[in-house]
Amino acid sequence: MRILVTGSAGHLGEALMRTLQVSEHEALGLDIKSSAFTHRVGSITERSFVRQCMQGVDVVLHTATLHKPHLVSHTRQAFVDVNITGTLNLLEETASAHVKSFVFTSTTSVYGRALTPPLNKPAAWITEEVVPIPKNIYGITKLAAENLCELIAHNRKVPCVVLRTSRFFPEQDDDKAARQSYNDANLKANEFLYRRADIADVVSAHLLAMEQASRIGFGKYIISATTPFMLEDLDELRRDAPSMVRRHVPGYEAEYRRREWSMLPRIDRVYVNEQARAQLGWQPRYDFQHIIERLSRCEDLRSPLAIAVGAKGYHATGFSEGPYPTNL
């Protein structure tokens, strides 16, 4: 099949291109930036450009987007133009070209304020049934794009799968307090308990979604590492996360002690990937237990694919308060 990957110069786009280029498929990379994995340079906001790129395409993997870090450098209108209009352009041209399936990379950021319950409440159990409450233009435009996917799937009969991915980027955390409390690898390892995925697992989810789209028609799935926690853990998890981790992954303490690492005192939400595993047949490898096993063998917690893609950053210049301001 000929597969169009939008955002081919980005983290996930490059990871998909690297994987597809050694498969039986033909991969065509599209991005506004030139790169070793980009064949068509241009913007998805330009309808005629999108139409040209769609010729002979069987599948679209749409990862191109303005991200949360771009809140400081781009206007709200730019987010609407890229994340909503750009997605609509791709969807309508996909339908016109009779492309077999469309996979949209969304984000768990669409949940917004639903991710943080009041302090006296248990941690949030985040499934696809939780109603999103976006808290910025990024979340709003990604949720709107999801709705466009559903509309085109039903009205134009384009098989479409939406993947709400948790964080997989390698850049430093945007929370200053978190950066000051934990070294970067420690913080990322902790996140595999509740809100992180390795990019290799994210890629495998996209490829499965591509294959299963015609059977599904339309579906939304959370793509995050498999959590060891259960519903009955949520109250204690909000009060005493280390005790819950000790109960489910007892081997972690020795490795953390050896590295002089710390566990989060509290966890406020858990992303649940059960639906993706059941309906897509997804089998993510990089969960917290696997991370501990890798660390105990003195291996990098990242997959070889994550290491190969590396960090890209989001801005040409740095900021004094971290990778990007977070007050937007």
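The values are calculated or read from the model by the stated rules, or taken from the named source; none is laboratory data. Everything numeric here is computed off the predicted structure, so don't read it as measured data. As a convention, Cβ positions derive from the backbone with ideal geometry for all residues, glycine included, and neighbour counts pool all protein chains shown.
Could you tell me which numbered condition LYS142 fails, if it satisfies all but one of (1) basic (Lys, Arg); (2) over 21 Å from LEU207 (Cα atoms); (3) touching a helix residue (DSSP H, G or I) at 6+ places or on another chain (Cβ under 8 Å)?
With (1) basic (Lys, Arg); (2) over 21 Å from LEU207 (Cα atoms); (3) touching a helix residue (DSSP H, G or I) at 6+ places or on another chain (Cβ under 8 Å) applied to LYS142, the lone miss is (2).
Could you tell me which residue of region 67-82 is surrounded by the fewest Cβ atoms within 10 Å (Cβ to Cβ), considering only residues that are modelled with pLDDT of 80 or more and over 17 Å from the mean Cα position of the chain (by Cα)?
Here the residue is GLN77.
Quick one: would you say SER101 is polar (S, T, N, Q) and surrounded by fewer than 18 Cβ atoms within 10 Å (Cβ to Cβ)?
Values: polar (S, T, N, Q): yes; surrounded by fewer than 18 Cβ atoms within 10 Å (Cβ to Cβ): no.
No.
When you go through GLN180, GLN212 one by one, which is the residue that is farther than 18 Å from SER109 by Cα and free of Cβ contacts under 8 Å to residues at least 60 places away in the same chain?
Working: GLN212 fails: free of Cβ contacts under 8 Å to residues at least 60 places away in the same chain.
Just one listed residue meets the conditions, GLN180.
Let me spell it out: the conditions are (1) surrounded by fewer than 16 Cβ atoms within 10 Å (Cβ to Cβ); (2) under 16 Å from ALA205 (Cα atoms), and VAL41 meets all of them except one. Which number is the exception?
(2)
Mind checking which residues of region 287-301 are out of contact with any Phe, Trp or Tyr (no Cβ under 7 Å at 6 or more places or on another chain) and not charged (D, E, K, R)?
Initial filter on region 287-301 (out of contact with any Phe, Trp or Tyr (no Cβ under 7 Å at 6 or more places or on another chain)): 289-290, 293-301.
Correct list: GLN289, HIS290, LEU295, SER296, CYS298, LEU301.
So that you can scan it fast, the table gives a plain yes or no per residue for (1) within 29 Å of VAL5 (Cβ to Cβ); (2) at pLDDT below 95; (3) surrounded by 13 or more Cβ atoms within 10 Å (Cβ to Cβ):
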{"residue": "ASP233", "(1), (2), (3)": "no, no, yes"}
{"residue": "ASP240", "(1), (2), (3)": "no, no, yes"}
{"residue": "MET244", "(1), (2), (3)": "no, no, yes"}
{"residue": "VAL270", "(1), (2), (3)": "no, no, yes"}
{"residue": "HIS290", "(1), (2), (3)": "yes, no, yes"}
{"residue": "PRO304", "(1), (2), (3)": "yes, no, no"}
{"residue": "HIS315", "(1), (2), (3)": "yes, yes, no"}
{"residue": "SER320", "(1), (2), (3)": "no, yes, no"}
{"residue": "TYR324", "(1), (2), (3)": "yes, yes, yes"}
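Kindly indicate whether any position in region 146-159 is surrounded by 22 or more Cβ atoms within 10 Å (Cβ to Cβ), over 30 Å from ASN120 (Cβ atoms) and under 13 Å from the mean Cα position of the chain (by Cα).
no
Select, from LEU91, LEU115, the only residue that is in contact (Cβ under 8 Å) with a residue 24 or more places away in the chain and either within 26 Å of PHE288 (Cβ to Cβ) or surrounded by fewer than 20 Cβ atoms within 10 Å (Cβ to Cβ) (or both). Before you say what the answer is, go through the steps one by one.
On the way: LEU91 fails: either within 26 Å of PHE288 (Cβ to Cβ) or surrounded by fewer than 20 Cβ atoms within 10 Å (Cβ to Cβ) (or both).
Every option except LEU115 fails the conditions.
So which of SER96, SER48, SER23, SER35 ends up being in contact with a Gly (Cβ under 8 Å, 6 or more places away or on another chain), surrounded by fewer than 20 Cβ atoms within 10 Å (Cβ to Cβ) and either of a type in the set (Ser, Thr, Tyr) or farther than 26 Å from ARG167 by Cβ (or both)?
Numbers: SER96 fails: in contact with a Gly (Cβ under 8 Å, 6 or more places away or on another chain); SER48 fails: in contact with a Gly (Cβ under 8 Å, 6 or more places away or on another chain); SER23 fails: in contact with a Gly (Cβ under 8 Å, 6 or more places away or on another chain).
SER35 is the lone residue from the list that is in contact with a Gly (Cβ under 8 Å, 6 or more places away or on another chain), surrounded by fewer than 20 Cβ atoms within 10 Å (Cβ to Cβ) and either of a type in the set (Ser, Thr, Tyr) or farther than 26 Å from ARG167 by Cβ (or both).
Restricting attention to region 102-117, report how many residues are among the hydroxyl-bearing types (Ser, Thr, Tyr), touching a helix residue (DSSP H, G or I) at 6+ places or on another chain (Cβ under 6 Å) and assigned to a helix (DSSP H, G or I).
1
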